[in-house]
Amino acid sequence: MRELIATVARGSPPSDLRGQGRLIERLIELEAEALATNAPRRTIEAIRAKRLQVRVSLTPRTSGLRGH
């Protein structure tokens, strides 16, 4: 959990794709480490939630309006 806090405390996700990719990779590593060391479930879920949050931020946004 300390590693997750340190990773997240460095600020908001980087604005460039490369930086966001590195952050996602680090969160994947943290999640794998947490699973391997039988970390508390809430720690694993916190890592997973942050990873998904960063991934969603990479999703292109559309206006929601589709042409007819």
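The values are calculated or read from the model by the stated rules, or taken from the named source; none is laboratory data. What you see is a predicted model, and the numbers here were worked out from it, not measured in a lab. Every residue, glycine among them, receives a Cβ derived from its backbone with ideal geometry; neighbour counts consider all protein chains shown. Calculation scope for accessible area: heavy atoms of the full protein, side chains included, ligands and nucleic acids excluded. Shrake-Rupley method; radii C 1.70, N 1.55, O 1.52, S 1.80 Å.
Assorted remarks:
- Some residue of segment 39-46 being modelled with pLDDT of 90 or more, in a loop (DSSP other than H, G, I, E, B), open to solvent by 60 Å² or more (accessible area, probe 1.4 Å) and on the phi < 0 side of the Ramachandran plot: yes
- A search for C-beta distances below 7 Å between a residue of segment 47-66 that is modelled with pLDDT under 85 and any residue that is among the small types (Gly, Ala, Ser) and open to solvent by 100 Å² or more (accessible area, probe 1.4 Å), counting only pairs 6+ apart in sequence or on different chains, returns nothing.
- Selection within segment 27-47 - among the acidic types (Asp, Glu) and over 14 Å from residue 3 (Cβ atoms): 45
- Residue 36 being at pLDDT 80 or above, surrounded by fewer than 11 Cβ atoms within 10 Å (Cβ to Cβ) and among the small types (Gly, Ala, Ser): yes
- For segment 1-33, filtering for residues that are modelled with pLDDT under 85, part of a helix (DSSP H, G or I), exposed (fewer than 13 other Cβ atoms within 10 Å of the Cβ) and not small (Gly, Ala, Ser) leaves 4.
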